[in-house]
Amino acid sequence: MNNGGGLFLDVILILPFLLLIVLYISAAIMSSRSRHLQKWPVHRSILFSLGVVCAGSAVIGPLAEQALVDFRAHMVGHLLLGMLAPLLLVLARPVTLLLRTLPVSLARKLTLFLRSSYVRVLSHPITASVLNIGGLWVLYTTDLFHMMHEQLWIHVLIHLHVFLAGYLFTMAMIYMEPVAHRYSYLYRAVVFVFALAGHGILSKYLYASPPSGVPKSEAETGSMIMYYGGDVIDAVIIFLLCLQWYKATKPEKMTEAHS
């Protein structure tokens, strides 16, 4: 009976993730049918779907259940929810798609919100880095890590924060969406280096000083998953940032500007 109840709960929890995928693909189809807009690339729908699956698998199903008792599984879930899923979703450009499909009046209101001072502060590279990396330091170096396993509402809030902070950080590092408040490539690169250092130092700290109650062997493996797995995803962000930087300053454009 318990297994059946757990399966039923998982099915209920999966529905919002499936709904997100359906809504995105529906919006992509609607946008592609417009005679005034270019067709929405299929690969973005694939990236969005994969991102939602990554996020969903971190909070629902076998991995999420194992993460409650195994620090290694917890770290895999951290990478999926806080790093890989945000990267895939940012590359899928959901805000751009939303602006293309909303009625003009609503699209204008959304544009005004994106240009607001609130969004400017929140999307600042330093703010995003503090919320993302700083939040992880608070989670793993205080009693919050244990509290999240004892209180459901704390568990939900922490996972929500990990995802949103990861998405905000990725979006602040690589501009894939229309951003009103843009910062230079050099500025973002410098902030990103410090964020990388903060993430790497935390993983090494956890290797040597795991949270109370976490077996040393699990802490060591989990820390390596955090360190090396994070490096792989960060390498993709670095590549994209450098590619954008190169395209913005490549000689062809400089030559055309002086001709």
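Computed from the coordinates by the stated procedures, all read-outs in this text should not be read as laboratory data. As the structure is a computational prediction, the values presented were derived from the model and not from experiment. Glycine also receives a Cβ, built like all others from the backbone with ideal geometry; neighbour counts cover every protein chain displayed.
Below, the figures for the structure above:
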| quantity | calculated |
| --- | --- |
| Added length on full extension, which subtracts the Cα-Cα distance from 0.36 nm per residue, W137 to V53 | 27.6 nm |
| Cα→Cβ-extended label distance, 7 Å offset, between L68 and S26, nm | 3.2 |
| Protection proxy ranking, peptides 181-193, 50-62, average beta carbon neighbours within 10 Å, highest first | 50-62, 181-193 |
| Helix 104-114 vs. the chain, principal-axis angle (Cα, 0 to 90°, nearest 10) | 60 |
| 0 to 90° range, to nearest 10: angle between helix 2-33 axis and the chain longest Cα axis | 10 |
| Per-peptide average of other Cβ atoms within 10 Å, ordering 27-38, 156-167 highest first | 156-167, 27-38 |
| Inter-label distance for V95 and S117, nm, one decimal - labels placed 7 Å from Cα along Cα-to-Cβ | 1.9 |
| Degrees between helix 152-173 axis and first principal axis of the chain (Cα, 0 to 90, nearest 10) | 30 |
| Computed lengthening from L152 to S212, 0.36 nm per intervening residue step minus Cα-Cα distance | 19.6 nm |
| Tensor-based shape of the chain (alpha-carbon gyration tensor, a/c under 1.5 rounded, otherwise prolate or oblate) | oblate |
| Proxy reagent accessibility, fewest Cβ within 10 Å first, across I12, I233, I201 | I12, I201, I233 |
| Residues listed by number, region 59-103, amide nitrogen under 16 Å from V179 label point at 7 Å toward C-beta | 86-96 |
| All lysines inside 25 Å of K247 as judged from Cα atoms, apart from same-chain residues fewer than 8 positions distant | K39 |
